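Working notes for the structure below.
Quick note: the coordinates plus some simple rules give every number you see, no bench work behind them. For clarity, every value in this text was computed on a predicted model and none was experimentally measured. Please note: Cβ atoms are built from the backbone with ideal geometry, for glycine as well, and neighbour counts cover all protein chains shown.
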Amino acid sequence: MHTGSVPTPPPDPPPPTPSRPARPLTVVLDDVLRTGAALAAAEVARTRALAEAGHLALDVMADQRATARAAELALREVASELAAAENLSDRTMQTQIGRAMTLVDDYPHSLAAWEAGAITRTHVQVIIDVGSPLSVDARAEFDLLAVATADGLSPGRLRSRLAMLAERLHPTTITERHHRGRDTRCVRIVTGQDDMSDLIATLPTVLAVGIYDRLTQQSRVIVDARTGGMFALPDTREAARLSAGGPAASTDTTTREESTATVVATDERTTAQLRADILTDLLLAAAPEADPTRTDDGPGTLGTIRARIQVIVPALTLLTPEGENLDPAELVGHGPLDADTARTLADTTTLPWDRVITHPITGAVLHTDTYHRTTAIDRHLRARDRHCRFPGCTVPATRAEVDHTHDHALGGETTITNLAHLCQRHHTQKQFTRWTVKQLPGGVLEWTSPTGRTYTDEPLPYSPAVRFLPHDPPPPDPEQGPAPF
C-alpha cells in the first residue's frame, strides 16, 4: 500500500494587475516638474534645519569661550544625535551639517534660488564646488554672480562659466596657483576588488584632456574598423612582457608563437574598455597594439592620431599676464587655463591663428578670419559655438559635427546662419525624433520638444573687452564747504 504524501497542487497564479492607462507625455512632464519643485522645497527645509543644528552647537560653545577642539566635539555631539535618529553614521551627518552651514552662511542667494525652483540641487553643488577656493568675503559676490549666470544653463555648462567668473575674484593669479598645482603631479595606484586597481594620474588639465581625447579618437578607429564584429586581437599582456624585457612564457619556439599569436574573437568592447586597453598598450608596449588596422610593425591608423583641444586665448592675457584673472584663457569645456600654458600653445602651434572679433560689450562673435579662407565658415562656427548646441550639452565643438539647421536636402543654405555644431548623439536625435530646431538671428537655436515646449540655446559670449563698473562719488564733507569748481 502506498503511503506517500499526495503532491500539493501549485497555487493559482495571482490575478493580473490592471495596466495603468497611458498618459500624455506633457502630463507626465508636469508631474515631474511639480514633484521636483516639492522635493527642492523639502531639501532646502532640511538644509536649513541641519545648519540650525550646527549653529546651535557653535553658539553654546561660544558662550564658554571654547577652543577649536571643543567646538569640534560640540558639532560631533549634535551630529551623533541626529545620526542616531536617522540610522546614519555620525561622520556622514557631520558632513551634511557642515555643507548645510556653508550653503546657508555663504550662499544664501543660491539657496533661495534652489528653494524657488530656479535651479536644482546639482546646480547648487556646482556653485559650492567652484566657489570653495574663494575667501568667505569673495563668496558673497560670487553667490550673486552664480545665480544670475545659472539661468538657462545646465550644470555642466554652468561649471565652466563659473570657473571663469571665480578667477576674477581670486586674490592670486591662475599662473601662480598652477605652478603650485604642478608640484602635486603624480601617478598612484589604488588597489580595488576582483584583481582590479585604479591607476590615477594627476596632470595639468590641458595634458589630461589631450590624453583622454586621443584615447577616445583611437577607440573610435577600432569601432569603425569592425567588420562583422570579427578581427584579430593581440595578446597584449604577452606583448607587454616581451617589450619590457621579461621572460617569455616558454622557451619553446612553437609555444611562444602560440602565446603571442593573435586570436580571432568577437570584439564587443565598450568605448571605456577600449580606452583602458589602448592606454595599457601605449604605456607598456609603446605602440597601440590594439589597432586592428595595423599591417606591419609600424604604427597603424591609431599611430597617426593626435589629440585636438580647443583653447581660447584673449589678446590681453598674452600681452598683460598680470591681468589674466580679469579675462583668463579658457580650455573649452573645462575652465580657465594659466597664461604660461596659453602663451606656449600660441607660440608653438603650427596652425594659423584664427582672429576672433567680438562685440566690445556683449562679447558675441562678430567675425573671424585668417589667411585660409576655404575653411572660414568652420572657424567661425567653432569660435561661436564652442560646444554642441543642444540645450545643456558640453561636448566640445572639435568633437561635434557641423549640421544644417534647415536640412540641406530641403533647400537649407550652407551659411553661418543655417549651421551649428551638434554632437553625434544630438545630431541623430534631431534627425530621427520629434525634436525640431530653427536658427534665429545671432546664432540662437530654438528647440521644440515633442510636447511643444521650446528651449532656447544661445552661443556663450566671450568676455567683453570693455567693462563698465559702477562708481558713486563719495558724499561731500559738510565741514569743508562747497567744492571750488
For the stretch 70-89 versus the stretch 379-412, the gap between their alpha-carbon centres in whole angstrom: 51
Diffusion coefficient in µm²/s returned for the stretch 75-159 by Stokes-Einstein, Kirkwood Rh over C-alpha pairs, 20 °C and 1.002 mPa s, is 156
Going from the fewest other Cβ atoms within 10 Å to the most, one would list LEU165, LEU207 as LEU207, LEU165
Just flag the trypsin sites (Lys or Arg not before Pro) in the stretch 164-202 sitting in loop per DSSP whose Cβ has no more than 12 other Cβ atoms within 10 Å. ARG185
Counting other Cβ atoms within 10 Å, keep those with at most 13, restrict to DSSP loop, and tell me which trypsin sites (Lys or Arg not before Pro) in the stretch 64-149 are left. ARG65
Relative exposure of ASP403, ASP378, judged by other C-beta atoms within 10 Å (fewest first): ASP378, ASP403
How much net charge surrounds ASP30 when only other residues with a Cβ under 15 Å from its Cβ are counted (Lys, Arg +1; Asp, Glu -1)? +2
With a ≥ b ≥ c taken as the square roots of the eigenvalues of the C-alpha gyration tensor of the stretch 85-214, please select rounded if a/c is under 1.5 and otherwise prolate if a/b is larger than b/c or oblate if it is not? oblate
Under Karplus coefficients 6.51, -1.76 and 1.60, residue-wise ³J(HN,Hα) of the stretch 205-221 in Hz, glycine/proline x: 4, 4, 6, 4, 5, x, 5, 5, 5, 5, 4, 5, 5, 5, 5, 5, 4
Using a Förster radius of 30 Å, what is the FRET efficiency between ALA276 and THR454 based on their Cβ-Cβ separation? Nearest 0.05, please. 0.15
Ranked VAL190, VAL28, criterion: other C-beta atoms within 10 Å, fewest first: VAL190, VAL28
Rel. contact order, % - alpha carbon contacts under 8 angstrom, at least six apart, the stretch 31-171: 23
Quick calc: nm separation of the 7 Å Cα→Cβ label points for VAL444 and GLN217 -> 3.6
Approximate spin-label separation VAL190-PHE432, in nm, with each point projected 7 Å along Cα-to-Cβ: 3.6
Lys and Arg at +1, Asp and Glu at -1: add these up for the other residues within a Cβ distance under 12 Å of ALA84 and post the number. -4
Pick out, in residue order, every one of the trypsin sites (Lys or Arg not before Pro) in the stretch 387-458 that is DSSP loop and has at most 14 other C-beta atoms within 10 Å; say none if there are none. ARG434, ARG453
Nearest-0.05 FRET efficiency for LEU58 and LEU283 at R0 = 45 Å, using Cβ-Cβ distance, is 0.35
Please list the non-local residues whose amide H lies under 5 Å from the amide H of ALA118, H modeled 1.01 Å from N, same-chain partners needing a gap of 5 or more. none
Any residue on another chain or 5+ positions along whose placed amide H is under 5 Å from the amide H of THR405 is listed here as LEU419, ALA420
